[in-house]
1. What are the pairs with Cβ atoms under 6 angstrom where one residue, in the stretch A:50-61, is part of a helix (DSSP H, G or I) and the other, located anywhere, is surrounded by 13 or more Cβ atoms within 10 Å (Cβ to Cβ) and of a type in the set (Asp, Glu)? Sequence gap at least six, or different chains.
2. So how many residues does the stretch A:131-147 have that are within 14 Å of chain B (Cβ to nearest Cβ) and open to solvent by less than 40 Å² (accessible area, probe 1.4 Å)?
3. Return yes or no: is A:Asn150 open to solvent by 60 Å² or more (accessible area, probe 1.4 Å), within 10 Å of chain B (Cβ to nearest Cβ) and part of a loop (DSSP other than H, G, I, E, B)?
4. If the requirement is being over 22 Å from B:Gln155 (Cα atoms) and in contact with a Gly (Cβ under 9 Å, 6 or more places away or on another chain), which of these qualifies: B:Lys81, B:Lys98, B:Lys76, B:Lys112?
5. Give the stretch A:153-168 a look and list any residue that's in a loop (DSSP other than H, G, I, E, B), closer than 15 Å to A:Ser70 by Cβ and open to solvent by less than 40 Å² (accessible area, probe 1.4 Å), or say none.
6. Can you find, within the stretch A:22-42, the residue that is nearest to A:Val90 (Cα to Cα) among those that are touching a Gly at 6+ places or on another chain (Cβ under 7 Å) and open to solvent by less than 50 Å² (accessible area, probe 1.4 Å)?
7. Restricting attention to the stretch B:101-111, report how many residues are away from every other protein chain (no Cβ under 11 Å) and surrounded by fewer than 14 Cβ atoms within 10 Å (Cβ to Cβ).
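The values are calculated or read from the model by the stated rules, or taken from the named source; none is laboratory data. Here the structure is a predicted model, which is why all the values come from computation and not from measurement. Cβ coordinates were reconstructed from backbone atoms using ideal geometry, including for glycine residues, and neighbour counts include every protein chain displayed. Quick note on the areas: whole protein, heavy atoms, side chains included, nothing else; ligands and nucleic acids left out. Shrake-Rupley method; radii C 1.70, N 1.55, O 1.52, S 1.80 Å.
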Protein chains: 2
Amino acid sequence: MAEPGKEIAARVVVQQCLHAKLQVKPPSHDSEAEWVEIKKGMVIYICFFKGADSAVIPRIVNTLLNVKLSETNDGKHVSVKELPGDVLIVPQATLGGKMKGLCMQYHSNAGKDQAMQLYSQFTTLCQQELEANLKWADSGSRLQFGTYGNRQVLQLDTNGPYTHLMKF
Amino acid sequence: MAEPGKEIAARVVVQQCLHAKLQVKPPSHDSEAEWVEIKKGMVIYICFFKGADSAVIPRIVNTLLNVKLSETNDGKHVSVKELPGDVLIVPQATLGGKMKGLCMQYHSNAGKDQAMQLYSQFTTLCQQELEANLKWADSGSRLQFGTYGNRQVLQLDTNGPYTHLMKF
């Protein structure tokens, strides 16, 4: 989590799902939309702020993949690695919004190039860390992620979203 | 939003949906599960903290029903009242979680009786405010809400969840 008094680098919302489906390429005049989907696991919505640099990525990945938020069939909470469960990452710049009057402003968000780079590092390290875990890798579990900058057309089916907020 | 330095009374996550369905009564040996559902509109996840009292409720309701987070068919952002759109309220105590080691703790959350009372005041005032708006009331839009203390079995279909965080 973020240290007190330190600028926030990223904000994350985590939900649990039984199934989720995310559009990664919108339909065009000559092609249908492309989607990714996951089964039981964790949906991670992530937003990076201006002050963020790559040094924070390992701490975010380590936290999200090891925090005990995933429920086993007998009601115990374990990490998504231990479950083992699928992971869907959704870039979600709106999480950086601050209300000004009745509108939302996003002045603290990382710029597009910086955020795309951090997002790419984040998804890559998640994949590496998950694949390095034999139990997870052998289970056939999957990591999927959305395309930065797209509209995140999302369908979610949960047995309780069990929504958590984290800041780094 | 919460004033700087002041204790947080409530944390809210808002998502936009095309359709959402929430279980309000789990199945039992002699009855099927009961569900509520909404069409295009806003899903509000809410959690109350220990310091919260009823005085904060009108400010939360006023903000959520008037903030311009709902997208019209021509891509303009308006309030859910103006849309006019449906509203689904999901009690979500997990939003008050703080990480301790690899587990989540909820020591700052309002106690069950206090939270139930605040939740009930919140849903009641939302209903009153929405019904007092002729455009919303005449449109056939609906407010639905989950049962406090239940597992919030939720299905969500979005055209982009457009996730926002607010604290009060």
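1. So the pair list comes out as A:Val61/A:Glu129.
2. 1
3. no
4. Step by step, each of B:Lys81, B:Lys98, B:Lys76, B:Lys112 is checked, and only B:Lys112 is over 22 Å from B:Gln155 (Cα atoms) and in contact with a Gly (Cβ under 9 Å, 6 or more places away or on another chain).
5. A:Thr158, A:Gly160, A:Pro161, A:Thr163
6. So the residue we want is A:Leu22.
7. Selection size over the stretch B:101-111: 3.
Residue-by-condition table, conditions (1) out of contact with any helix residue (DSSP H, G or I) (no Cβ under 7 Å at 6 or more places or on another chain); (2) more than 13 Å from chain B (Cβ to nearest Cβ); (3) open to solvent by less than 10 Å² (accessible area, probe 1.4 Å); (4) assigned to a loop (DSSP other than H, G, I, E, B):
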residue	(1), (2), (3), (4)
A:Glu7	yes, yes, no, yes
A:Gln16	yes, no, no, no
A:Ala20	yes, no, yes, no
A:Tyr45	no, no, yes, no
A:Leu65	no, no, yes, no
A:Lys81	no, no, no, yes
A:Val87	no, yes, yes, no
A:Leu95	yes, no, yes, no
A:Asp113	yes, yes, no, no
